[in-house]
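These notes are about the structure you will find just below.
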Amino acid sequence: MQNQLLRYMTCAGILTLVLGCPRSGSRPRGERRPQRGEVIGTVAGVTDLYRQAGFIAEAAPIAFIGSVRYLAGPGDTTLVLIGFSMANRALTFVREGDRYRAGYGITADLRQGGSTVRHIEAHEVVRVISFKETTRNDESVIFQQILSVSPGQYVLSLAVRDEGSSRAGSHEEILNVPRLSAGRLATPISVYEVQARTTTDSLPQLTLSPRSTATFGRDTSLLVYVEGYGPGTRLPLRVTARNAKGMTLWTDSLGLARRGKVFSGTIDVPVSRLGIGVSTLMVSRRDTTDSSSVPVLVTFGDDLAIASFEDMLSYLRYFTTPQRLKTLRDTAPEFRAAAWTAFLHESDPILSTPEHEGLREYFNRIQQANERFREEGIGGWLTDRGMVYVTLGEPDQILEQTTNDVTQRGRAQIWEYRQYHAQLIFIDQTGFGRWRITASSDADFQSIVTRMRAR
């Protein structure tokens, strides 16, 4: 089971149906060239990745990611499990004694044929013990709601608002709620913890993993809860994970035990077999033709929307040495998780904290470079100025030649880095903002990089 459990349980409104709590901290060959305007390692990039995979996914002003899953309910009803998560930094915290407090509100409406079938309003409180916790960018806060409805088509409207500011986010989608009768399977549900049900008349006791996500090099497996319905003493299942191209990544056969009136249990999906990116996890009954599938993700971290191991190594070209990247690239797929974990340990500037501050800052600089240095139709971080900015950070001073003609060729821009006793010169060779580092400045830059990596 992946090593992730809820850390704080002091939130308001923790009843059978509602959970709104911060989660525990998580640690976090190809030379693919990003396209113009592409941004990686950002909330926007993460949102796009989850949205394309079929999740509820909204970005600014409040970013949240979630999912909807289904279980059989009492009688002919179906339980609709709505869950989403967001980062602490999405909320406005205020000091409360020796802690920090933030509040958020949720409104959920389930509509059918112009009528509101279910209306939910909740007000949740998140408390953390330090200011640093308020800035966390991982899946820190989880909210879940369970509704019992008749099978059919509905419209779900979800609104999330930060009660410490005017910021709010919303989402709307169509739900096709299935009838989960004998011979059927419930939706596989990614969870952090669960108690298997024994009857459809009871509510599930579980903590959803709304993003169905594992972190490469940290988590060994994804825990997935499964239910089946019908007669018998044991339910034979086939579990298969496939990538976006339909290639089978992992498959297994198992039997689901009967617990009271339902078949229920968990599946440990091995992260090392899935690899980086989005996979489809399908659970099929072997006694009927019924099956159910959900997307699952393996990422490098909660805020790194990178789709493959090779892409990640390409993006790290300014972060570490070519030799270290070659070692990672040449590692056999089955050993990459261990190699990545070792790399994180070696390069983490502050091992005592749950996140990798070095990588966080590095990808923040990539984002800034993409926004500031757009030229030549490539990602800003791949330009000469982007290369220097991502590697060394913000210069202490930028001096630029004053001219009334901004299209003048040969304009010079000087970046001063006082701690390195260096002035790096860029020339606009064409007059169209295509700045190139001079040969002598490039030599100085490479010398600085060599000294940095020798520390």
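The values are calculated or read from the model by the stated rules, or taken from the named source; none is laboratory data. As the structure is a prediction and not an experimental result, all values here were calculated from the model. Cβ placement follows ideal geometry from the backbone for every residue including glycine, while neighbour counts extend to all protein chains displayed. Ligands, DNA and RNA are excluded from the accessible area calculation, which covers all protein heavy atoms including side chains. Shrake-Rupley method; radii C 1.70, N 1.55, O 1.52, S 1.80 Å.
At-a-glance table
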item	result
Residues satisfying the stated conditions in segment 63-89, i.e. farther than 19 Å from residue 172 by Cβ and open to solvent by 10 Å² or more (accessible area, probe 1.4 Å)	74, 75, 76, 77, 87, 89
One residue from 23, 32, 111, 101 being open to solvent by 70 Å² or more (accessible area, probe 1.4 Å) and at pLDDT below 95	32
Selected residue (only one of 256, 237 is assigned to a strand (DSSP E or B), buried (at least 21 other Cβ atoms within 10 Å of the Cβ) and touching a Gly at 6+ places or on another chain (Cβ under 6 Å))	256
Matching option when the condition is β-branched (Val, Ile, Thr) and either touching a Gly at 6+ places or on another chain (Cβ under 7 Å) or within 23 Å of residue 60 (Cα to Cα) (or both), among 116, 213, 187, 207	213
Matching residues, segment 321-357, being more than 18 Å from residue 276 (Cα to Cα), assigned to a helix (DSSP H, G or I), open to solvent by less than 90 Å² (accessible area, probe 1.4 Å) and modelled with pLDDT under 90	347, 357
Residue in segment 220-230 that is touching a Lys or Arg at 6+ places or on another chain (Cβ under 8 Å) and among the hydrophobic types (A, V, I, L, M, F, W, C) present	no
When residues of segment 147-173 are limited to those that are open to solvent by 60 Å² or more (accessible area, probe 1.4 Å) and closer than 24 Å to residue 60 by Cβ, the one modelled with the lowest pLDDT	166
Options 453, 418: the member that is charged (D, E, K, R) and modelled with pLDDT of 95 or more	418
Considering residues of segment 114-130 that are part of a strand (DSSP E or B) and among the aliphatic types (A, V, I, L, M) only, the residue surrounded by the most Cβ atoms within 10 Å (Cβ to Cβ)	126
Any chance residue 230 is at positive phi and out of contact with any helix residue (DSSP H, G or I) (no Cβ under 8 Å at 6 or more places or on another chain)	yes
Qualifying residue in segment 304-314 (condition: open to solvent by 40 Å² or more (accessible area, probe 1.4 Å) and among the aliphatic types (A, V, I, L, M))	yes
Residue 134 vs. criteria at pLDDT 95 or above, open to solvent by less than 30 Å² (accessible area, probe 1.4 Å) and not aliphatic (A, V, I, L, M)	no
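Results for (1) in a loop (DSSP other than H, G, I, E, B); (2) farther than 23 Å from residue 146 by Cβ; (3) modelled with pLDDT of 95 or more; (4) open to solvent by less than 10 Å² (accessible area, probe 1.4 Å), shown as yes or no for each residue.
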| position | (1), (2), (3), (4) |
| --- | --- |
| 206 | no, no, yes, no |
| 223 | no, no, yes, no |
| 246 | yes, yes, no, no |
| 278 | no, yes, no, no |
| 284 | no, yes, yes, no |
| 288 | yes, yes, no, no |
| 301 | yes, yes, no, yes |
